[in-house]
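Notes follow once the structure below has been shown.
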Amino acid sequence: MSQSSRELSAQVLVVNRNLQAVHITTARRAFVLMFTDIARALDLAWVSHDFDSWSALLPGGDGPTIGTSRGPIRVPRVVQLVSYDRMPRTSLRLTRRNIFLRDGYTCQYCARRGTPRELNLDHVMPRSRGGPMSWENVVCSCRVCNLKKGGRTPPEANMRLLRRPVRPRWSPVLAIAFAPGRPAEWEPFLASLPGARELQTLWDQGVGALANPLAESA
Ligand SMILES: [Zn+2]
């Protein structure tokens, strides 16, 4: 990969008109959005620039640039959509992998962490008694705890859940934004995202990397 094509694949955070993070794109796509005036680049002071004003900025600091016939142009870290002010509705699909991810690949009864092969899905209210497959009724469990619990509820089996299972609030599209090594310019936009703390914890535990790319489960 040449220098320029690597810079063009760099990730760029897309925010809406209200400065809420809505998506991650590539620098290549961000330049297209700017060139067509669908988006404008935000500089460090959150001043927005259209393509012409952005390309007139002098490359500064240690940020990446791409070479063009007009000279080097800075690769934006954040672009703002000009007319979009909503939040896309992206909910996480109820899949085995996403339940493991929500629970940090950790048995919700004994707190042991495992690989996907060592883990099971456990219906808190057993299936045999009408317990549904839902975010609120299915948790990650190790095989030992799953076997021990059998067709009983946790109180009947004298077992306790680490925490009450709920539907994650975070967007699978933005989960990748919390990967280590992200641009510092993203931080103010990430902190206010729904489920930001859970996502940060997943990445801190190395779980996010394990499930990468999260966007696939969108
Ligand atoms: Zn267990």
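Of everything in segment 91-130, what is among the polar types (S, T, N, Q) and surrounded by 15 or more Cβ atoms within 10 Å (Cβ to Cβ)? Give them in sequence order.
Asn98, Thr106, Gln108, Asn120
Among the residues of segment 22-38, are any within 26 Å of Arg197 (Cβ to Cβ) and either among the hydrophobic types (A, V, I, L, M, F, W, C) or not in a strand (DSSP E or B) (or both)?
yes
Name the residue that is nearest to the chain's Cα centre (by Cα), counting only residues in segment 58-90 that are hydrophobic (A, V, I, L, M, F, W, C) and surrounded by 13 or more Cβ atoms within 10 Å (Cβ to Cβ).
Restricting attention to segment 58-90, the residues satisfying the condition of being hydrophobic (A, V, I, L, M, F, W, C) are 58, 66, 73, 75, 78-79, 81-82, 87.
So of that shortlist, the ones also surrounded by 13 or more Cβ atoms within 10 Å (Cβ to Cβ) come out as 66, 73, 75, 78-79, 81-82, 87.
On the way: Ile66: 27, Ile73: 28, Val75: 22, Val78: 16, Val79: 18, Leu81: 19, Val82: 23, Met87: 15 Å.
Ranking the qualifying residues of segment 58-90, first place goes to Met87.
Taking only pairs six or more apart or across chains, which ones have beta-carbon atoms under 6 Å, a first residue in segment 179-202 that is on the phi > 0 side of the Ramachandran plot, and a second residue that is surrounded by 16 or more Cβ atoms within 10 Å (Cβ to Cβ)?
Gly195/Pro168; Gly195/Trp170
Does at least one position in segment 43-57 carry a residue that is under 26 Å from Leu193 (Cα atoms) and within 16 Å of the ligand (Cβ to nearest atom)?
There is no residue in segment 43-57 that is under 26 Å from Leu193 (Cα atoms) and within 16 Å of the ligand (Cβ to nearest atom).
Consider Asp52 carefully, then state whether it is of a type in the set (Asp, Glu) and surrounded by fewer than 14 Cβ atoms within 10 Å (Cβ to Cβ).
yes
Could you count how many residues in segment 42-101 are aliphatic (A, V, I, L, M), without any contact (Cβ under 8 Å) to a residue 60 or more places away in the chain and within 30 Å of Ser141 (Cβ to Cβ)?
Going through segment 42-101 one residue at a time, the tally reaches 2.
State whether the residues of segment 144-155 include one that is under 28 Å from Ile24 (Cβ atoms) and either more than 16 Å from the ligand (Cβ to nearest atom) or of a type in the set (A, V, I, L, M, F, W, C) (or both).
Taking every residue of segment 144-155 in turn, none turns out to be under 28 Å from Ile24 (Cβ atoms) and either more than 16 Å from the ligand (Cβ to nearest atom) or of a type in the set (A, V, I, L, M, F, W, C) (or both).
Readers should treat all values here as calculations from the given coordinates under stated rules, not as data from a laboratory. Remember, predicted model here, so these are calculated numbers, not experimental data. Cβ atoms come from the backbone with ideal geometry, glycine included; neighbour counts cover every protein chain shown.
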